[in-house]
Amino acid sequence: MPAALSGWLHAFRIYTHPRVLGMLSLGFSAGLPLLLVLGTLSFWLREAGIDRSTIGHLSWIGLAYGFKWMWSPLVDRLPLPLLTRLLGRRRAWLLLSQVSIVIALIGIANTDPLENLTHTVFFALAVAFASATQDIALDAYRIEAVSLRLQGAMAATYQAGYRMAMILASAGALWIAAAVDPSEATYDYAPWRTAYLAMAAFMMIGIITTLIIREPDVPVNRLISENEDRAKAAIAHWNLSVRLTQLLAWLYGAMVAPFRDFIVRHGGQALLILALIAVYRISDVVMGVMSNPFYVDMGYSKDEVATVSKVYGVVMTIAGAAIGGVFIAKIGIMRTLFLGAVLSAATNLLFVWLTGRGHDLTGLIFTISADNLSAGIASSAFIAYLSGLTNSAYSATQYALFSSVMLLLPKFIAGFSGDFVDAYGYASFFTGTALLGIPVLVLVWLAGRAKFETADPAMPRT
């Protein structure tokens, strides 16, 4: 066997690591809620007759993921009564958020958006908030569980579980709704109620996983104690009570120190890094909001969308994520990051081509295959890049900051996607999303000129 081929095959062995394999179930738990308040919900709303402009604005529900940095310090540092003592820091918050997701999904299931859209939005916001909280704890767990060398594989395996859950939350929900729908010619709320109750039941996979996994063996970093001691010394001259001094020092260590640490470590590069994070996924995120309304308006049935977009497409994303993990191990994070950015923007142009073909199932398969394969490569590289920027002393808070910055601008722009489509049509919209990827390439190139260094290379991980 040629040495080069043998080297690539050996690289795939990283996926046999126990911690890497364990991310499948955790990724599943994280991936299930997302589409139930975004993509699948938008399909439900469109079928119920909700206009595209309103659906586009309701995509702002996803901004909950963009603001999770605001409460991430609490998830990072605040112990939960009883749960933290029984399960540990990460697992306690995971369990609380997962149970909250189940309750909120049941709330959505018992609300017809055609009759009371406000209630549907309220429960969708609750799902998004609880899901974002789960992401904070889960990202911290993933970063603390293994060394940086395995972060690409962890990201890929996490995405595999995540995407399998997205198959269930999209195709599965559509199939269930279609199976019990007496007639697709008219809107019926009952099939969607059944589908969302089933999705709530599947969240038990995440709950059971959280109860059986082992807490990462990463003690509270000495840097945290040192920062709090310095804060106490600075506050001492205010002549406050001991309890209030301790509280203020804790708040500084939890909410100020993580962000200060990032700025101090990266100096002048900090703004460049944040700019790259803010726009890296903009092409995919903005385009994704209108993808399901596009399928409906192009005449694709629920079964066709479920089979092609939500199953076959997700399988291609998993394949792309696995390829991305290997690329990271072989050619490095920054080169893979650039490749993912090029592919993500370019494949959006295939939707322009699809727009002119009408109801073309073969064209849909080709477009979804290319788009999702590129998305998987880009996601693996991006997750590994963010993980490398994170200091283990503040893993939950800093990663939440990065992933929040990643979503804020794209989600805000995506909220106007329905208005844009109404004014200019789908072809112009998809072309615009591809052009949004050009600034990303420039930022990746600029960031790549600086040597990529881990935030915490000495972190003791297994």
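The values are calculated or read from the model by the stated rules, or taken from the named source; none is laboratory data. On a predicted model such as this, the values are computed, not experimentally measured, just so you know. All Cβ positions, glycine included, derive from the backbone under ideal geometry; neighbour counts span all protein chains shown.
For segment 62-72, check the following and say yes or no: at least one residue is among the polar types (S, T, N, Q), farther than 25 Å from residue 290 by Cβ and over 18 Å from the mean Cα position of the chain (by Cα).
no
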Hits in segment 72-94 (condition: surrounded by fewer than 14 Cβ atoms within 10 Å (Cβ to Cβ) and among the basic types (Lys, Arg)): 85
Give 296, 314, 326, 308 a once-over and let me know the one that is modelled with pLDDT under 85, closer than 23 Å to residue 181 by Cα, buried (at least 20 other Cβ atoms within 10 Å of the Cβ) and of a type in the set (Val, Ile, Thr). 308
Members of segment 103-132 that are of a type in the set (Val, Ile, Thr) and farther than 13 Å from residue 34 by Cα: 103, 106, 108, 111, 118, 120, 121
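Can you work out which of the residues in segment 369-406 that are among the polar types (S, T, N, Q), assigned to a helix (DSSP H, G or I) and modelled with pLDDT under 80 is farthest from residue 166 (Cα to Cα)? If you could, list the steps in order and put the result at the bottom.
Just the residues of segment 369-406 that are among the polar types (S, T, N, Q), to begin with: 369, 372, 374, 379-380, 387, 390-392, 395, 397-398, 403-404.
Next, only the ones that are assigned to a helix (DSSP H, G or I) stay: 369, 372, 374, 379-380, 387, 392, 395, 397-398, 403-404.
With the extra rule that they be modelled with pLDDT under 80, the set shrinks to 387, 392, 395, 397-398, 403-404.
Numbers: 387: 23, 392: 29, 395: 26, 397: 26, 398: 26, 403: 19, 404: 20 Å.
Within segment 369-406, the match that is farthest from residue 166 (Cα to Cα) is 392.
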Looking across segment 404-416 at residues that are buried (at least 23 other Cβ atoms within 10 Å of the Cβ) and small (Gly, Ala, Ser), the single one that is farthest from residue 263 (Cα to Cα) is 414
Which one is surrounded by the fewest Cβ atoms within 10 Å (Cβ to Cβ) among residues in segment 344-369 that are under 22 Å from the mean Cα position of the chain (by Cα) and not β-branched (Val, Ile, Thr)? 346
Taking residue 240 as the residue in question, decide whether it is of a type in the set (A, V, I, L, M), farther than 27 Å from residue 50 by Cβ, touching a His at 6+ places or on another chain (Cβ under 7 Å) and modelled with pLDDT under 80. no
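Could you list, in sequence order, all residues of segment 299-343 that are over 28 Å from residue 442 (Cβ atoms) and either more than 22 Å from the chain's Cα centre (by Cα) or not in a helix (DSSP H, G or I) (or both)?
Hits for segment 299-343 are 299, 300, 301, 302, 303, 304, 307.
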Hey, which of the helices (runs of 4 or more DSSP H) in segment 30-138, taking only ones fully inside, have at least 3 residues that are farther than 19 Å from residue 394 by Cβ and not hydrophobic (A, V, I, L, M, F, W, C)? 39-47, 52-58, 89-109
If only one of 284, 217 is surrounded by 16 or more Cβ atoms within 10 Å (Cβ to Cβ), closer than 30 Å to residue 26 by Cβ, of a type in the set (Asp, Glu) and modelled with pLDDT of 70 or more, which one is it? 284
Can you tell me which of (1) surrounded by fewer than 23 Cβ atoms within 10 Å (Cβ to Cβ); (2) closer than 23 Å to residue 352 by Cα is the one residue 440 doesn't meet? (1)
Scan segment 173-194 for residues that are in contact (Cβ under 8 Å) with a residue 40 or more places away in the chain and either closer than 24 Å to residue 372 by Cβ or buried (at least 22 other Cβ atoms within 10 Å of the Cβ) (or both) and jot them down. 173, 174, 175, 177, 178, 192
Condition check for residue 429: buried (at least 23 other Cβ atoms within 10 Å of the Cβ) and of a type outside the set (D, E, K, R): yes
